[in-house]
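Q: Here it is, the structure, as structure tokens.
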Amino acid sequence: MASLRWFNVITAFVFILIMPMRVEAQETRHVFRALVQDAHEGYAISGVNVSLEGSSIGAATDSEGKVSISGIPSGEQTFQFSFIGFEQVRLTLTFPLADRDEVFLVLLEEAHDELEEIAVTATRTSRTIADQATRIETIAGEEIEEKISMEPSNISMLLNESPGITVQQTSAVSGGASIRIQGLDGRYTQILKDGFPLYGGFSGGLSLLQVPPLDLRQVEIIKGPSSTFYGGDAIAGLVNLVSKGPSAEPELSLLSNLTTAGGMDLGGFYRARNERIGTTVLVSANTQKAYDPDDDAFSNLPETRRLTLNPKVFFYPSSKTIYSFGVSATIEEREGGDIQVLNNGVSANRTFFETNTSKRLSSQARMDHQLTQDLGITIKNSVSLFDRSIEVPDYRFEGQQIASYSEASALMTRGPHQISIGLDLRSDAFREDVGPAGSKRDYTYTSAGLFAQDTWDYSERAVVEAGVRVDRHNTFGSFVLPKASILYRVSDKLSARIGAGLGYKAPTVFLEPSEERAFRNVIPLSSTAQAETSRGGSIDVNYRTLLFDRLAVSFNQAFYFTDLQRPLIPVFETIAGQPDGSLSYENADGEIQTRAFETNAKFALSDFKLFLGYVNLSARTGFETGSVSLPLTPQHKTYTVLVYEKHGKGRIGLEAYYTGQQRLMDGSDSDGFWILGVMAERRLGKSSLFLNFENFLDTMQSNYAPVVLGTRQNPRFDDIWAPMDGFIINGGIKYTL
């Protein structure tokens, strides 16, 4: 821990040492103003990202399509205009302008394959998707807006309806959930917020349910080994949640939402900046009544009260430097179980409940400084505190996790090479408050890492990316994690990628089986426990074209594999008087192997868009008698989304998702099921009204078999493999000032 304290002291010192303290008053600055409209229909386009090339200066258009950017240097300057669904536009001007008050009209044309032009940050290079050697998927723009209308309280639906990703509910009572990529447990996927790892370890059980999406600009998803980028938690892949930044025109977005299941969401997001200071503030309040749609006397959705506050401040001392400081705080209470107990309290014959109380507090500090046109440095630090208590009849669990992340990195351009190098230090410490010392699951992990990556534009057709990471873990030793990827453009329409890498994961007991039993009778890790290691890779082919000068078609075929060595597996033992027995973990003598075949197609014609997806997943163990499928991992899933959208006016969408059979923990197979939904949104000036019919076939697991087993006084719960909440309607209003 001493090394961690010194590293944080040095990081803070460097922040202070290099902070530019003077303002160059003699440098003349100018203002740029523009109005952005659709090229054909002439309506204003809000939310267009406008950036000054070669600098960190930028803003977004307001609800009237207007943008004003101050702090523009003298001389020739080029502005980029980008927005999902439209072709990118570049505008070059010479400052000072002949007319300082001139407002430039910028017209945007609809794009046929707009996602290829999104710049992503998860690979540390900020290249567009089309120029990335690593395969990256992005959820952005209006797709995020649509998901906010469908589920404004958290990001679970936004991720679950993306091909190849499953959000797995881990507790029938608390509603806890985790993300699965390639069928692997949530602990193998790294979740980042603006490049900060804030949701790992003990805090991961509720993380997806405590991230409101109202401030998101885009979501970046990498499927496959990503440990070289961000360390040992990214064996299956990573998800980077990218927030909206400040805008020159102040913007306030408000949302209210009600559901037929007794849910209510209120949220607000504000952003603004001037030449020197910017700010963003996210506020979200969410409540949910205990909901029992299948009338089995137990809650399918727990009673929930949650409040989230996330302010950030940005400083722009010069056109080359940005400082940002943010704090995020979430307080939540969840209570599920017997409906009669929740409504009237414990009685002689009704005793079962589960109460979850959690507090999440984190800080983020970051500095980006462009030393020269070809060299920039980034220094960042985050500290996270997560406190959670769980209470069930005759048992209470309580503990705190303190985690930190510090990084210093540089990105340099040398001819055709973009080189990223850096070092980071992580800490993760958990302390349990309840229970005798010998039974506590305490741990203290620290790891230091060095990483380097070279992205080489070998030719106009080929991009080669190679990187390596060396981690030193205080408990599990050293790990060398290489990764390599290649992008080859066969033509303007056809391209292919291939990549492979290694990864590792430090073990803990805070995994999905432990969450299911509220950590009761979970045995601490043995001193012989080892880190899990992996090798994995992916291949994908992408084709896009325009048929009949009207029909835009894009097609992607991807293949993934992961071999997980020494996987940490649960071991259940019986205990007299304890119906669930005890749970411990040990490294298996064998592998878990996943093989995924993913097909995605997109068709766009005028105002209609059709998305089709299919995933064939084989996830099998190699350490049991014979080879068997991993539990709760469907082999077949399909995704169908049809959207009719008039930019600036509204949209209506129809969704259909099929999930095939899954092997359950007892060796039996579940049924396959369909989920259908329809959503509509109408824009009226600065307001949007939305209405969503989710799962209108009323698919619920209890339609196939009981979820609650045992007696009402001592219930047990079956594996969760299908939706628990059934058909729900939600609707509300979004308002932007």
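Every read-out reported here was derived from the displayed coordinates using simple, explicitly stated rules and does not represent laboratory data. Computed from a prediction, not measured in an experiment: that's the story for all the values here. Cβ atoms come from the backbone with ideal geometry, glycine included; neighbour counts cover every protein chain shown.
Q: Under the Karplus relation 6.51 cos²θ - 1.76 cosθ + 1.60, θ = phi - 60°, what is the ordered set of whole-Hz ³J(HN,Hα) values for the stretch 411-416, x standing for Gly and Pro?
A: 10, 10, 10, 10, x, x
Q: Can you tell me the 0 to 90 degree angle between the C-alpha axis of helix 141-150 and the longest principal axis of the chain, rounded to 10?
A: Roughly 30 degrees, rounded to the nearest 10.
Q: Continuing with the same structure: From the residues 30, 81, 521, which one has its Cα farthest along the dipole of the chain in the positive direction, the dipole being from +1 and -1 charges on Cβ of Lys/Arg and Asp/Glu about the Cα centre?
A: Final value for the positive-end residue is 30.
Q: Mean 1/r over all different Cα pairs, inverted: what Kirkwood radius does the chain give, in Å? Before the final figure, lay out the partial values.
A: On the way: mean 1/r = 0.0372 Å⁻¹.
By the Kirkwood definition, the hydrodynamic radius is 26.9 Å.
Q: Now for a different question. Going by alpha carbons, how many degrees (0 to 90, nearest 10) lie between the helix axis of 2-18 and the longest principal axis of the chain?
A: Tilt relative to the chain: about 20 degrees.
Q: Run the dipole for the chain about the Cα centre, Lys and Arg Cβ at +1, Asp and Glu Cβ at -1, nothing else charged, and hand back the magnitude in debye, nearest 20.
A: Values: 67 positive and 89 negative charges, 311 e Å.
Value, rounded to 20: 1500 debye.
Q: Compute, for the stretch 27-111, the length of the dipole vector about the Cα centre, with Cβ point charges of +1 (Lys, Arg) and -1 (Asp, Glu) only. Units Debye, rounded to 20. If you can, show how the numbers build up before the last one.
A: On the way: 5 positive and 13 negative charges, 62 e Å.
Here the stretch 27-111 has a charge dipole of around 300 debye.
Q: What's the ranking of 676-683, 44-51 by average number of surrounding C-beta atoms within 10 Å, highest first? Before the final figure, lay out the partial values.
A: Values: 676-683: 18.5, 44-51: 21.0.
Averaged packing, sorted descending, gives the order 44-51, 676-683.
Q: With r defined as the distance between the Cβ atoms of residue 103 and residue 375 and R0 fixed at 51 Å, what FRET efficiency is calculated, to the nearest 0.05? Provide the component values of the computation, followed by the final result.
A: Working: r = 36 Å, r/R0 = 0.70.
Efficiency, rounded to the nearest 0.05: 0.90.
Q: Taking the convex hull of the Cα atoms, report for the stretch 553-691 its projected area averaged over all directions, in nm². Each step should come with its number before you reach the end.
A: Values: hull surface 52.3 nm².
So the Cα hull casts an average projection of 13.1 nm².
Q: Something else about it: Which three extents, in angstrom, do the Cα atoms of the stretch 301-351 have along their principal axes, listed largest first?
A: So the three principal-axis extents are 68, 14, 11 Å.
Q: Between residue 705 and residue 593, how high is the FRET efficiency from 1/(1 + (r/R0)^6) when r is the Cβ-Cβ distance and R₀ = 35 Å? Nearest 0.05.
A: Numbers: r = 29 Å, r/R0 = 0.84.
Using R0 = 35 Å, I get an efficiency of 0.75.
Q: Once the Cα gyration tensor of the stretch 402-517 is diagonalised, what are the square roots of 5 times its eigenvalues, in whole Å and ordered largest first, as equivalent ellipsoid semi-axes? Could the numbers behind the result be given before it?
A: Numbers: eigenvalues 316, 64, 23 Å².
Here the semi-axes work out to 40, 18, 11 Å.
Q: Would you compute the Debye intensity of the stretch 27-111 from its alpha-carbon atoms alone, equal scatterers and no solvent, and pass along log10 I(q)/I(0) at q = 0.13, 0.15, 0.21, 0.25 Å⁻¹ to two decimals?
A: -0.38, -0.50, -0.95, -1.29
Q: Can you tell me how much longer the chain between residue 490 and residue 691 gets when fully stretched, taken as 0.36 nm per residue apart minus their C-alpha distance, in nm with one decimal? Please report the intermediate quantities before stating the final value.
A: On the way: separation 201, 0.36 × 201 = 72.36 nm, distance 4.38 nm.
Contour length minus the Cα-Cα distance gives 68.0 nm.
Q: Shifting gears a bit: Reachable lysines from residue 147, Cα under 25 Å, same-chain residues fewer than 8 places away excluded?
A: Leaving aside lysines fewer than 8 places away in the same chain, those within reach of residue 147 are 193, 223, 244, 289, 312, 602, 609, 637, 646, 649, 686, 734.
Q: Mind giving me the FRET efficiency for residue 526 and residue 478? R0 is 22 Å, r the Cβ-Cβ distance, nearest 0.05 is fine.
A: Working: r = 21 Å, r/R0 = 0.98.
For R0 = 22 Å, the calculated efficiency reads 0.55.
Q: Subtracting the Cα-Cα distance from 0.36 nm times the residue separation, let me have the gained length for residue 547 to residue 260 in nm, one decimal. Mind dumping the intermediate values first?
A: Details: separation 287, 0.36 × 287 = 103.32 nm, distance 4.34 nm.
In short, 99.0 nm is gained.
Q: Moving on. Collect residues whose amide H, placed 1.01 Å from N in the peptide plane, falls under 5 Å from the amide H of residue 192; neighbours closer than 5 in sequence don't count.
A: 239, 240, 241
Q: Give, in nm to one decimal, the length gained when the segment between residue 555 and residue 654 is fully stretched (0.36 nm per residue of separation minus the Cα-Cα distance).
A: On the way: separation 99, 0.36 × 99 = 35.64 nm, distance 2.05 nm.
Gain on stretching residue 555 to residue 654: 33.6 nm.
Q: Another question, then. Which peptide among 269-282, 329-342 comes first, and what is the full order, when sorted by highest mean count of other Cβ atoms within 10 Å?
A: In descending order of packing, they fall as 329-342, 269-282.
Q: Give me the tail of P(r) for the stretch 275-422 as a percent: Cα-Cα pairs with distance above 18 Å.
A: On the way: 7681 of 10878 pairs.
Result for the distance tail: 71 percent.
Q: Here's something else I'd like to know. Could you work out the equivalent-ellipsoid semi-axes for the stretch 635-733, taking the square root of 5 times each eigenvalue of the Cα gyration tensor, largest first, in whole Å?
A: On the way: eigenvalues 250, 59, 13 Å².
Gyration-tensor ellipsoid for the stretch 635-733: 35, 17, 8 Å.
Q: For all pairs of alpha-carbon atoms in the stretch 472-567, what percent lies in each bin of width 10 Å, listed from the first bin to the last filled one?
A: 13, 27, 23, 18, 13, 6, 1
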